[in-house]
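All remarks here apply to the structure that follows.
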Amino acid sequence: MSERVDPRPRPPPQRPRIAGRTLKPRTRVSYAPWLSIATGGAPEREGVVADPEVEEGLGRRDGLPDGSANPGGTTASQDAGAVPPGDLDVGPYPRSFYDEETAAGESSSREVVGLLLELLAPRSVVDVGCGTGAFLREFRDRGMTDYLGIEGPWVAPMEMLVDRSTVLFRDLNRPVEVDRSFDLALCLEVAEHLDAASADGLVDLLVRLAPVIAFSAAVPFQHGSHHVNLRWPAYWQAKFRRRGYVPVDCLRRRLSRRRGVSQFYVQNVVLYVREDAFACDRRLAALETERVRLVPVYLYSPGNPRMSHFLNLAPSPFREGLYVAFHWAGIV
């Protein structure tokens, strides 16, 4: 005789209860991040990787830009390798990411672009990882006519703040070719979104594009969408230095005095200048006194500039630990 089967669905298993309380499953806690920090590595959490750097076989194109204008800017649609832009909900970023990025860029771009024009007066600019183009639009509105943006193919055309013909739609995790150079390159809060294996390719692209680079990248424990390569500033400084670029820390202190600049720009943005460019431009020569041997973490508390000043008096080797401690305390 066959066994009778109860057709009624079985209720889900109940968690054990003690004195009327349901016991939750135990959460496994990993101490690897703190061990990694203690040993000088990058914490293995929230996308922070500690892959060894691969620096061999890298090259760059020498020579300062000739300053020649490209009438009408660089037209992306003329590039046969252009990738057609897609939908904002496709790819690694949801629509909300670009909404937040545009909102942050609205106020920050006015101050950052204004400071760059004041210090450098570039005649051409390229923004690598331009998002919806907030910084490019600010350059355009201030009279810049020679500019180019590079952004992933998942940005919808209707979201762009500049003419899409001035934007190359490329996946920055893959090699990107641009057949000209610019006076200034921007790469602001982009590098942390790319795979660690793409870091060298990004720096190679930047040094091919311009002798002066405004660069910022998220540091460990900095929150954000799709942060897969969070690094301390010294990591990026080493890559630029191998290619003949030196850090000039002339932006963070000045931006900290301006209203409306997002905290991560104040905290992270550093100018990298090719060493032979100082002798070619009097504006760069004036900034040479602000060259630094080591780019330290910049501790910035938007609501307490006095505290920020005193925190940044700490010796550079101690600032990473202070940053981690104050980050968890909600101070920076």
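Bear in mind that the values in this text are calculations on the coordinates, not laboratory data. Owing to the predicted nature of the structure, the values given are computational and were not obtained by experimental measurement. Backbone-built Cβ (ideal geometry, glycine too); neighbour counts: all protein chains shown.
A few points about this structure:
- Length gained on full extension, ARG123 to MET158, computed as 0.36 nm times the residue gap minus the Cα-Cα distance: 9.9 nm.
- Cβ-Cβ FRET estimate between ARG291 and ARG174, R0 fixed at 56 Å, reported to 0.05: 0.95
- Distance (nanometres) between label positions extended 7 Å along Cα→Cβ at ALA197 and ARG142: 3.9 nm
- Overall shape: rounded for region 159-273, with the ratio a/c of the largest to smallest alpha carbon gyration tensor axis below 1.5.
- Sparse-neighbour loop sites [GluC sites (Glu not before Pro); region 100-208; at most 13 other C-beta within 10 Å; DSSP]: GLU177
- Sorted fewest first by neighbouring Cβ atoms within 10 angstrom, CYS130, CYS187, CYS250 come out as CYS250, CYS187, CYS130.
- A DSSP coil position with no more than 15 other Cβ atoms inside 10 Å describes the following trypsin sites (Lys or Arg not before Pro) in region 164-229: ARG180.
- Between GLN263 and ALA279, the distance separating the two model label sites (each 7 Å from Cα on the Cα→Cβ line) works out to 4.4 nm.
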